[in-house]
Amino acid sequence: MAIDPVRAEHDAVLSSLSTRVSTRHFAHGAVSVLVAVALAGTAGKLWWDFSTTHPEWAGGFAGLTALVLSYAAIRFVLGARANTRERVQLVRLRELRKTLGVDAPASLT
């Protein structure tokens, strides 16, 4: 029995969309921003309390803040790229479903 190529493409696109990579990237970016805010607050508090005796501690935490914000920015860019690809695949999936008649109102009754 031969498999319909349209149905095979439909299944392939559907399986690739079942795991949303963009969601993972955006989640990592959001958590990284929260961590960066906490690190920035820690750096500010250390600078406020110990700027005359130990300024290197505040500088270290400020550096960590910059690194974590850079990581968050990279993850947001990767998430945006993945989201663009996923949206193109979703349009293709809708076209395939229309071609196959999966969502036809007559077949739903």
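The values are calculated or read from the model by the stated rules, or taken from the named source; none is laboratory data. What you see is a predicted model; the values in this text were computed from it and never measured. Note: accessible area is taken over every heavy atom of the protein model, side chains too, but ligands, DNA and RNA are not part of it. Shrake-Rupley method; radii C 1.70, N 1.55, O 1.52, S 1.80 Å.
For segment 4-109, what is the accessible area per residue in Å², given a 1.4 Å probe and the full set of protein chains? Provide the component values of the computation, followed by the final result.
Working: 7340 Å² over 106 residues.
About 69 Å² of surface per residue is accessible.
Per DSSP helix of 4 or more residues, -39500 (n - 2.57); summed, then divided by the residues of the chain. What does that give at 222 nm, rounded to the nearest 500? Numbers along the way, then the final one.
Values: 3 runs with 90 residues, N = 109.
Calculated at 222 nm, the ellipticity per residue is -30000 deg cm²/dmol.
When only alpha-carbon atoms are used, what values of Rg and Dmax, in angstrom, describe segment 1-101?
For segment 1-101, the Cα radius of gyration and maximum Cα-Cα distance read 22.7, 80 Å.
Report ³J(HN,Hα) in whole Hz for each residue of segment 18-34, in order, from the Karplus equation J = 6.51 cos²θ - 1.76 cosθ + 1.60 where θ = phi - 60°; Gly and Pro get x.
5, 10, 8, 5, 4, 4, 5, 5, 5, 5, 4, x, 5, 5, 5, 5, 5
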